[in-house]
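Following: one structure in structure tokens, then a few remarks.
The values are calculated or read from the model by the stated rules, or taken from the named source; none is laboratory data. Computed from a predicted model, the values in this text were never measured in an experiment. Using ideal geometry, Cβ is built from the backbone for each residue, glycine included, and neighbour counts are taken over all protein chains shown.
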């Protein structure tokens with residue numbers, strides 16, 4: 001049987017979205033591991049996000065939505081728990097463990113008092129003389145530009161690979177029969193009221209989850225500790241997630257049934273772009289004075 005075009009697009013978009021969310025966690029996990037800290041992440045952001053994902057999964061199961069929607073809901077929850085576990089370890093458990101270790105070392109080994117210099121005068125490091133601030137600033141600016149261009153290239157390649165893997169994965173699933181036909185007519189039966197309530201609750205949590213992160217960035221005047229690729233993949237995932245629903249059907253009852261999930265996916269894009277703006281603004285704020293000195 002020939003696959004309808006709308007189902008093909010819905011499947012491809014859904015597969016790309018699933019791939020985006022599968023790899024979404026990797027850049028931020030690596031950023032936290034590299035910094036040995038998750039200070040840049042807002043704990044409230046992850047908690048609200050988890051609540052949204054739990055409501056999303058429960059509502060999707062209750063409303064008998066597309067398999068892609070259900071699979072994404074399960075994976076969302078797994079990713080949230082992993083991120084929260086890492087945040088708790090780096091920001092709460094590890095600092096206390098390190099503090100106790102430091103206290104034991106100070107108790108066992110008498111060290112210099114706080115008023116003593118760390119190095120004797122003879123060993124104090126001497127100020128390094130530079131030929132001038134202009135050369136240092138030029139090198140710093142060149143290095144900064146080079147790092148930025150490399151980051152843009154890495155992020156672009158990452159997005160391309162996600163799209164490629166998602167599309168290829170769906171094609172293989174279709175050819176092997178793992179992706180079955182959904183039928184010529186979409187499921188337009190009204191969703192149970194409880195499922196709709198859960199769907200709208202998940203949309204509310206998604207639409208408010210990023211607000212604590214935006215506030216944290218503004219309070220710190222920095223996006224350090226955050227991976228911009230984390231939010232890029234989130235944007236790709238939300239766009240294709242909504243597209244997988246819309247491309248399947250535009251029938252009124254079908255759209256009404258999926259409205260909560262469309263709001264949750266497309267509504268968060270505005271806040272993602274606010275965070276992108278913060279990345280750009282705070283990066284310029286940090287590098288600007290150095291270049292003008």
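General remarks:
- Filter result for residue 198 (more than 23 Å from residue 250 (Cβ to Cβ), modelled with pLDDT under 90 and under 26 Å from the mean Cα position of the chain (by Cα)): yes
- Condition check for residue 29 on (1) within 30 Å of residue 167 (Cα to Cα); (2) in contact (Cβ under 8 Å) with a residue 60 or more places away in the chain; (3) in contact with a helix residue (DSSP H, G or I) (Cβ under 9 Å, 6 or more places away or on another chain): one failure, at (2).
- Selection of region 40-84 for residues being without any contact (Cβ under 8 Å) to a residue 12 or more places away in the chain and over 24 Å from residue 257 (Cβ atoms) yields only 78.
- Members of region 9-26 found to be surrounded by fewer than 17 Cβ atoms within 10 Å (Cβ to Cβ) and either without any contact (Cβ under 8 Å) to a residue 60 or more places away in the chain or closer than 16 Å to residue 223 by Cα (or both), listed by number: 26
- Only one entry of 237, 277, 242, 225 meets the criterion of being modelled with pLDDT of 90 or more and surrounded by fewer than 17 Cβ atoms within 10 Å (Cβ to Cβ), and that entry is 277.
- Boolean, residue 53 is part of a helix (DSSP H, G or I), touching a helix residue (DSSP H, G or I) at 6+ places or on another chain (Cβ under 6 Å) and surrounded by 22 or more Cβ atoms within 10 Å (Cβ to Cβ): yes
- Any chance residue 142 is at pLDDT below 55 and assigned to a helix (DSSP H, G or I): yes
- Test for residue 226: is it free of Cβ contacts under 8 Å to residues at least 24 places away in the same chain, under 23 Å from residue 208 (Cα atoms) and in contact with a helix residue (DSSP H, G or I) (Cβ under 8 Å, 6 or more places away or on another chain): no
- Some residue of region 51-62 being farther than 30 Å from residue 173 by Cα and either modelled with pLDDT under 90 or out of contact with any strand residue (DSSP E or B) (no Cβ under 9 Å at 6 or more places or on another chain) (or both): yes
- Residue check for residue 46: over 16 Å from residue 234 (Cβ atoms) and either more than 16 Å from the chain's Cα centre (by Cα) or in a helix (DSSP H, G or I) (or both): no
- The residue of region 240-256 that is nearest to residue 152 (Cα to Cα), among those that are in contact with a helix residue (DSSP H, G or I) (Cβ under 7 Å, 6 or more places away or on another chain) and part of a helix (DSSP H, G or I), is 240.
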